[in-house]
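Student: Please see the structure below; I have some questions.
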Amino acid sequence: MDRTERRSSIIAVKDANRYLLYRDLGWGCDFFPNHATASSTDEDVRQLTTYFADEFGIPAKDFTLSHICVKDSEKPSTEHDGEVRYYEYTLYRASVTVMPDAWRSTEFHVGAKHCRWMTLDEMLADPVINKINHDVVAMVRDNL
């Protein structure tokens, strides 16, 4: 039986030593850009490219996505009052060739999204991020 209730594709974007995060209002914490995973890798990359370009203000020609790994996770969901949920995360690395001007600050807004840059150590030291998404931060740390 497939217990996965949510399949999400995660985009890891790195500057010199920090990763791009945005404030996820549903989870109440800063998180990597993400989108529901499509049924095939080609379709997933197409949808993620459109999502990332549109939502984060970067032209699609200015980045490429590389598939890194897939990881299953089981954890309490803050969106569902702590009910245990099952997740399948697909990790992609975004290689940015032209950094948007708006992204050059430590914190910035793109449309309605509040974004910031954080190191993995800063994420793991943040009690909210570490509690809610330690599994995803560890996946990025261990695979990139």
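The values are calculated or read from the model by the stated rules, or taken from the named source; none is laboratory data. Model, not experiment: these values are computed from the prediction. Cβ atoms come from the backbone with ideal geometry, glycine included; neighbour counts cover every protein chain shown.
Student: Name every residue in region 8-37 that is in contact (Cβ under 8 Å) with a residue 24 or more places away in the chain and aliphatic (A, V, I, L, M), in order of residue number.
Tutor: Matches in region 8-37: I10, I11, A12, V13, L20, L21, A36.
Student: Right, something else. Report, by residue number, each residue of region 12-35 that is part of a strand (DSSP E or B), more than 16 Å from K71 (Cβ to Cβ) and among the aliphatic types (A, V, I, L, M).
Tutor: Matches in region 12-35: V13, L20, L21.
Student: For region 57-76, name all the residues that are farther than 23 Å from W27 by Cα, of a type outside the set (K, R) and either without any contact (Cβ under 8 Å) to a residue 40 or more places away in the chain or surrounded by 17 or more Cβ atoms within 10 Å (Cβ to Cβ) (or both).
Tutor: Residues satisfying the conditions are I58, P59, A60, D62, F63, T64, L65, S66, H67.
Student: In addition: If you check S9 against the conditions, is it part of a strand (DSSP E or B), farther than 17 Å from W117 by Cα and small (G, A, S)?
Tutor: So S9 passes the test.
Student: Hey, another quick one. Out of region 87-114, which residues are among the hydrophobic types (A, V, I, L, M, F, W, C), assigned to a strand (DSSP E or B) and free of Cβ contacts under 8 Å to residues at least 12 places away in the same chain?
Tutor: F108
Student: Tell me, please, whether a residue that is touching an Asp or Glu at 6+ places or on another chain (Cβ under 9 Å), farther than 21 Å from R104 by Cα and part of a strand (DSSP E or B) can be found in region 37-48.
Tutor: no
Student: Name every residue in region 93-144 that is more than 14 Å from Y22 (Cα to Cα), touching a strand residue (DSSP E or B) at 6+ places or on another chain (Cβ under 6 Å) and among the charged types (D, E, K, R), in order of residue number.
Tutor: Those that are more than 14 Å from Y22 (Cα to Cα), touching a strand residue (DSSP E or B) at 6+ places or on another chain (Cβ under 6 Å) and among the charged types (D, E, K, R): R93, D135.
Student: V84 - would you say it is free of Cβ contacts under 8 Å to residues at least 40 places away in the same chain and under 30 Å from S40 (Cβ atoms)?
Tutor: It is true that V84 is free of Cβ contacts under 8 Å to residues at least 40 places away in the same chain and under 30 Å from S40 (Cβ atoms).
Student: Between residues in region 115-144 that are in contact (Cβ under 8 Å) with a residue 12 or more places away in the chain and in a helix (DSSP H, G or I) and residues that are of a type in the set (G, A, S) and surrounded by 16 or more Cβ atoms within 10 Å (Cβ to Cβ), which pairs lie under 6 Å by C-beta distance while being six or more apart or on different chains?
Tutor: Within 6 Å, the pairs are D135/S73; V140/A12.
Student: Still on this structure: Can you find, within region 36-56, the residue that is farthest from C115 (Cα to Cα) among those that are surrounded by 19 or more Cβ atoms within 10 Å (Cβ to Cβ) and not hydroxyl-bearing (S, T, Y)?
Tutor: D44
Student: Oh, and also: Where residues in region 81-137 are among the acidic types (D, E) and over 17 Å from the mean Cα position of the chain (by Cα), which of them is farthest from K71 (Cα to Cα)?
Tutor: D101
Student: Is there a residue being modelled with pLDDT of 95 or more, charged (D, E, K, R), closer than 17 Å to R141 by Cβ and under 12 Å from the mean Cα position of the chain (by Cα) anywhere in region 56-78?
Tutor: Within region 56-78, none of the residues are modelled with pLDDT of 95 or more, charged (D, E, K, R), closer than 17 Å to R141 by Cβ and under 12 Å from the mean Cα position of the chain (by Cα).
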